[in-house]
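Read the structure below first, then the notes.
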Ligand code: GCO
Ligand code: MN
Ligand code: MN
């Protein structure tokens, strides 16, 4: 093939993405509680060793594209849309008003707001730092975000505290940092109760997000389980308002089974919100789009969530790869990610209703007949042949993933 002229490249991308087929219409995509962050498509591709590859984009542009693609809900950090120096000023009110106008214009709803507590130099020692002025500022920021959330009619408020921890051991007492963190969450919940009453709206659902080793230091609450322990520690004054926003990749990053981590959140009634993406076990927070690394695991995750009637948002917390152009983000990255999610969600329905899986799991739960519970050999022998069904179920889920249950085979 000859080198492709620059002015022909977009047409090539468009033709090949069309040729891929299998895209859902915007109307179908809007049926799912898929939320589109401001920060994901506007991520410029920078990292510690990486210069940006894309240009910045405004919230108007993000909303316009989400609306065309069929993402019905939008979410944002406070400083994604309001420069830090404009917070708490009349300029903030003007920006919030223009966000409301844009949401209306593009037919979107704001699902969630979150406070940026990791990027700005003020967070150098973390948002729950030892200096009272940093903590007072953090508290005001959280309350301000709750107020913005109500103004935009959001239902969720997420907290990813960033470096809730330290570079050096022994400088601070960890129990103290956790108490300070709880004080900030408690202040946000108290403010929420008041603002919600004034506005005659339900209070927000406050969802804590853990990440095991990002950005650079030790982290006090590195996993969803650690967050659960924190919620139930007695430090949180309104534990009923506070739950989790697990992120799929963050669980893989510490080596967990995401499905098991979600199960632990479910039994506590704390699965409020879910950040969906993909990546590699025990590696960096690459935030690859859903299904490109672990589709089989993702199918299993969605089977669990469908089985438990999870009704919360699926938040597209991913980073477009550095190979995607500004055009490619909208032409390829965002729509294909959404369509893989929808496909996996529908496949999860196939798994749940599959008669082979159903019969196999029913049989496993019934167990083998004829065991004498006081005789270990008889218990082993009673179940021995049944246990082969475990791998049979795993094979069947693979068949559903690749479409073999509908007759996809290779004639060799
Ligand atoms: C990450 C984090 C963030 C948070 C976001 C919401 O991967 O860096 O998951 O994307 O989800 O900051 O507060
Ligand atoms: Mn996240
Ligand atoms: Mn992440």
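The values are calculated or read from the model by the stated rules, or taken from the named source; none is laboratory data. These figures come from a predicted structure and were not determined experimentally. Every residue, glycine among them, receives a Cβ derived from its backbone with ideal geometry; neighbour counts consider all protein chains shown.
Residue 293 meets the conditions (1) touching a residue at least 24 places away in the same chain (Cβ under 8 Å); (2) under 17 Å from the mean Cα position of the chain (by Cα); (3) surrounded by fewer than 21 Cβ atoms within 10 Å (Cβ to Cβ) in every case but one. The failed one is (1).
The rows are residues; the columns are (1) more than 16 Å from ligand 1 (Cβ to nearest atom); (2) closer than 30 Å to residue 124 by Cβ.
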site: 219; (1), (2): no, yes
site: 225; (1), (2): yes, yes
site: 255; (1), (2): yes, yes
site: 266; (1), (2): yes, no
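There is no residue in region 276-284 that is within 30 Å of residue 321 (Cβ to Cβ), at pLDDT below 95, touching a strand residue (DSSP E or B) at 6+ places or on another chain (Cβ under 8 Å) and away from ligand 2 (no atom under 15 Å from the Cβ).
Screening region 124-168 for residues that are more than 22 Å from residue 39 (Cα to Cα) and part of a strand (DSSP E or B) and picking the one that is farthest from ligand 3 (Cβ to nearest atom) gives 166. Screening the candidates 281, 306 for the property of being in the same structural domain as residue 267 (by TED's automatic domain parsing) and away from ligand 3 (no atom under 16 Å from the Cβ) yields one hit, 306.
Annotation: residue 95 fulfils all but one of (1) touching a residue at least 40 places away in the same chain (Cβ under 8 Å); (2) touching a helix residue (DSSP H, G or I) at 6+ places or on another chain (Cβ under 7 Å); (3) part of a helix (DSSP H, G or I); (4) within 30 Å of residue 141 (Cα to Cα); the unmet one is (1). Of all residue pairs spaced 6 or more apart or on separate chains, those with beta-carbon atoms under 6 Å, a first member in region 250-269 that is assigned by TED's automatic domain parsing to the domain that holds residue 316 and a second member that is in a loop (DSSP other than H, G, I, E, B) and away from ligand 3 (no atom under 16 Å from the Cβ) are 266/308. Within region 205-223, being within 16 Å of ligand 3 (Cβ to nearest atom) and either in a strand (DSSP E or B) or outside the structural domain of residue 184 (by TED's automatic domain parsing) (or both) holds for 207, 208, 219. Of the numbered criteria (1) in contact with a strand residue (DSSP E or B) (Cβ under 9 Å, 6 or more places away or on another chain); (2) more than 22 Å from residue 345 (Cβ to Cβ); (3) surrounded by fewer than 21 Cβ atoms within 10 Å (Cβ to Cβ), the one residue 288 fails is (2). Of all residues in region 50-75, those being touching a strand residue (DSSP E or B) at 6+ places or on another chain (Cβ under 6 Å) and part of a strand (DSSP E or B) number 3.
Yes/no matrix, rows are residues, columns are (1) surrounded by 20 or more Cβ atoms within 10 Å (Cβ to Cβ); (2) within 16 Å of ligand 2 (Cβ to nearest atom); (3) farther than 19 Å from residue 241 by Cα:
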residue: 89; (1), (2), (3): no, no, yes
residue: 93; (1), (2), (3): no, no, yes
residue: 105; (1), (2), (3): no, no, yes
residue: 112; (1), (2), (3): yes, yes, no
residue: 122; (1), (2), (3): no, no, yes
residue: 126; (1), (2), (3): yes, no, yes
residue: 131; (1), (2), (3): no, no, yes
residue: 146; (1), (2), (3): yes, no, no
residue: 166; (1), (2), (3): no, no, yes
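The set of residues in region 23-49 that are in contact (Cβ under 8 Å) with a residue 60 or more places away in the chain, closer than 15 Å to residue 70 by Cα and in a loop (DSSP other than H, G, I, E, B) comprises 23, 24, 32, 33, 41.
If the condition is being within 16 Å of ligand 3 (Cβ to nearest atom) and either modelled with pLDDT under 95 or under 14 Å from the mean Cα position of the chain (by Cα) (or both), then region 224-252 contributes 224, 244, 245, 246, 247, 248, 249, 250, 251, 252.
Within region 182-199, can one find any residue that is within 16 Å of ligand 3 (Cβ to nearest atom) and buried (at least 21 other Cβ atoms within 10 Å of the Cβ)? Looking through region 182-199, none of the residues is within 16 Å of ligand 3 (Cβ to nearest atom) and buried (at least 21 other Cβ atoms within 10 Å of the Cβ). Counting only residues that are more than 11 Å from the chain's Cα centre (by Cα) and within 16 Å of ligand 3 (Cβ to nearest atom), how many does region 253-278 have? Selection size over region 253-278: 7.
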